[in-house]
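As structure tokens, the structure follows; a few thoughts come after it.
The values are calculated or read from the model by the stated rules, or taken from the named source; none is laboratory data. Quick caveat: nothing in here was measured; it's all calculated off a predicted structure. Counting neighbours? That spans all protein chains shown, and the Cβs are built from the backbone with ideal geometry, glycine included.
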């Protein structure tokens with residue numbers, strides 16, 4: 001739940017900041033709500049405002065910023081879709097929104113008990129049990145020992161059964177893959193896709209890579225609905241880049257964001273090889 005600001009490049013790359021208020025200030029000044037420790041960032045560079053159900057960005061810096069394919073001059077304000085990346089000089093920010101976009105405090109961290117205290121407690125308990133043992137409890141201890149051995153035996157039997165099932169599954173998978181044609185091309189890995197896409201040096205390609213990374217992040221956190229929506233939007237954009245047409249829709253299609261003529265012209269001029277590779281990867285995620 002809630003919304004987060006993720007730094008994808010720059011000094012604070014990889015950091016995540018929760019949007020806890022309706023209006024937050026972003027910059028290098030320690031007085032800002034979200035502090036980015038980068039000398040190239042103005043003290044108050046951005047103001048992010050929640051206007052239900054969306055977020056808006058105010059450019060408070062003295063230079064232009066880019067949101068997706070839009071240029072935002074100093075003092076201007078624009079709606080920020082979570083599918084677009086914000087770029088200020090070398091700083092790249094991503095807005096990640098869960099089901100409910102309203103600002104909320106960051107979830108509290110779980111508190112764990114001290115390992116030393118737990119060890120001390122267990123040691124004292126073991127000592128107490130030792131002193132309370134008596135000859136009258138010998139039969140009970142023997143019964144517990146037999147029950148423990150029986151439990152271990154049962155666990156071994158279960159482990160053997162599980163191994164047998166796992167072996168059968170591997171054999172079935174091996175037989176299944178035997179029927180795959182030799183010339184079938186497997187889906188590329190994420191590292192290969194990102195490396196080839198960024199090698200082109202194209203800003204729009206880098207933005208598509210950022211959207212792909214956001215979809216992968218949602219998939220890793222098991223937010224499968226959000227991840228599939230992001231994959232579907234990225235699939236539509238890549239289909240235009242590769243063939244000039246949208247890909248086939250699903251049984252229950254997801255609405256795709258309409259692209260402006262300038263966006264379509266930019267996409268069609270990009271490197272076809274890197275986009276084809278990225279498209280194959282996204283298709284494998286949508287299966």
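Residues 151, 189, 142: which one is more than 30 Å from residue 273 (Cα to Cα) and at pLDDT below 80?
On the way: 151 fails: at pLDDT below 80; 189 fails: more than 30 Å from residue 273 (Cα to Cα).
So the residue among 151, 189, 142 that is more than 30 Å from residue 273 (Cα to Cα) and at pLDDT below 80 is 142.
Test each condition in (1) within 30 Å of residue 25 (Cα to Cα); (2) out of contact with any strand residue (DSSP E or B) (no Cβ under 8 Å at 6 or more places or on another chain); (3) at pLDDT 85 or above for residue 70 and report the one that comes out false.
Going through (1) within 30 Å of residue 25 (Cα to Cα); (2) out of contact with any strand residue (DSSP E or B) (no Cβ under 8 Å at 6 or more places or on another chain); (3) at pLDDT 85 or above one by one, residue 70 breaks only (2).
Counting residues that are in contact (Cβ under 8 Å) with a residue 60 or more places away in the chain and within 26 Å of the chain's Cα centre (by Cα), which strands (runs of 3 or more DSSP E) fully inside the range 1-80 reach at least 3? Can you show your working first?
Details: elements: 3-9, 16-18, 23-27, 46-51, 54-59, 65-67, 70-72, 77-79.
Counting at least 3 such residues, we get 3-9.
Take the residues of the range 192-221 that are at pLDDT 80 or above, in a helix (DSSP H, G or I) and out of contact with any helix residue (DSSP H, G or I) (no Cβ under 7 Å at 6 or more places or on another chain): which is surrounded by the most Cβ atoms within 10 Å (Cβ to Cβ)? It would help to see each step written out before you state the result.
As a first pass, look at the range 192-221 and keep what is at pLDDT 80 or above: 207-221.
Filter again for in a helix (DSSP H, G or I), leaving 207-220.
Remaining after also requiring out of contact with any helix residue (DSSP H, G or I) (no Cβ under 7 Å at 6 or more places or on another chain): 207, 210, 213, 217, 220.
Numbers: 207: 20, 210: 23, 213: 17, 217: 16, 220: 9.
Only one residue fits best here, namely 210.
Hey, could you check the range 83-102 for residues that are in a loop (DSSP other than H, G, I, E, B) and surrounded by 18 or more Cβ atoms within 10 Å (Cβ to Cβ) and say which is nearest to the chain's Cα centre (by Cα)? Give the derivation first.
We begin by selecting, within the range 83-102, every residue in a loop (DSSP other than H, G, I, E, B); these are 83-84, 89-90, 98-102.
Those left that are additionally surrounded by 18 or more Cβ atoms within 10 Å (Cβ to Cβ): 83-84, 101.
Numbers: 83: 13, 84: 15, 101: 17 Å.
Looking at the filtered set, the residue picked out is 83.
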